[in-house]
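Here the structure comes first, spelled out in structure tokens, and everything after it is commentary.
What follows is calculated from the coordinates using simple rules that are stated; it is not laboratory data. Quick caveat, the model's predicted, so the values are computed rather than measured. Glycine also receives a Cβ, built like all others from the backbone with ideal geometry; neighbour counts cover every protein chain displayed.
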Amino acid sequence: MEINDFFNSLTPDVIAEVNRLQIEAQEKEFNEFIANFKNDRCYLCSKELADVGTSLCLHNLLFRANPKKGILERTFEKHGLFPTLTYLAWVANSEATGINIQKKIHNLETGKKFECSFKWQNIVWSFSVAESDFQGHSGTQTDFPHFHVEILINEKFNTRFGQLHLRLTDQDIFNLKAIDFFKDRSVLFSGHAVDSDALEESFTASGGSILAPVIDNQSPHYHVESVIRKADGSSISQAELDELISRSTENHKLIFECAKEKGYLVQSAISPTDAVLTLRERK
Ligand SMILES: [Zn+2]
Ligand SMILES: [Zn+2]
């Protein structure tokens, strides 16, 4: 069966169920991740984050100590692109939800299939797969499907895009094909691993709670503007607004949360402040 036939054969119900199961599994794994991470421990191998030895665990990518030569490359190849992205998305979101992740899918102008950047503390990881990487650079030693990575630590290069050609796993190839097919961010980062694109809908759905960072919050990262209307689309009166304001003050809730409880329609527009990460594009 061709892969596109396979995707075509999936009914909306099946897709929704797969997504639900995936979100459930990720939720559980994320909670384990964060419980350990808060204590400087790795949920995958139970070691301290600073314990960067010869094991090829994803916590090596946090540079709590410098991995020995070759370890980084083997760590990426052991786990593959997408498990690495999920892990780094969790790391990035532990600091501030959404703003530490950027990605671009299918940039026809530059021939890039997939690009993304993650930031956490003083580190920025960026990944890039061009169509020619996906096919393999023919006639060279890198004639196999691969991805490229750039790592900046304190704004200095640790790894440049051109340095490593990291082999894509079968699962990565499947995921990249799925992205091509669905052109849908939900295939990529579900559950807690949201990026700023996915934030707006999640924000409205969660009543605002999603903007609370998991570990701590130093500065506001978003401007949020909400429009409140009645279910029939008409504007609410001053008296109704006054009631919402007093409800909000009494219950220590945001006004639009109270509005939702009262059955009003709330539309929120989120615009990021300068704190949001910019995607590092490979030239
Ligand atoms: Zn580990
Ligand atoms: Zn390449």
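Output the residues belonging to segment 1-60 that are exposed (fewer than 14 other Cβ atoms within 10 Å of the Cβ) and of a type in the set (Phe, Trp, Tyr).
Within segment 1-60, Phe6 is the sole residue that qualifies.
Being assigned to a loop (DSSP other than H, G, I, E, B) and either crowded, with 17+ Cβ neighbours inside 10 Å or aromatic (Phe, Trp, Tyr) (or both) is the filter here, so list the residues in segment 143-168 that pass it.
To start, the set of residues in segment 143-168 that are assigned to a loop (DSSP other than H, G, I, E, B) comprises 143-145, 154-155, 160-165, 168.
Across segment 143-168, the qualifying residues are Phe144, Pro145, Phe161, Leu164, His165, Leu168.
Confirm whether Lys78 is among the basic types (Lys, Arg) and closer than 20 Å to Phe161 by Cβ.
no
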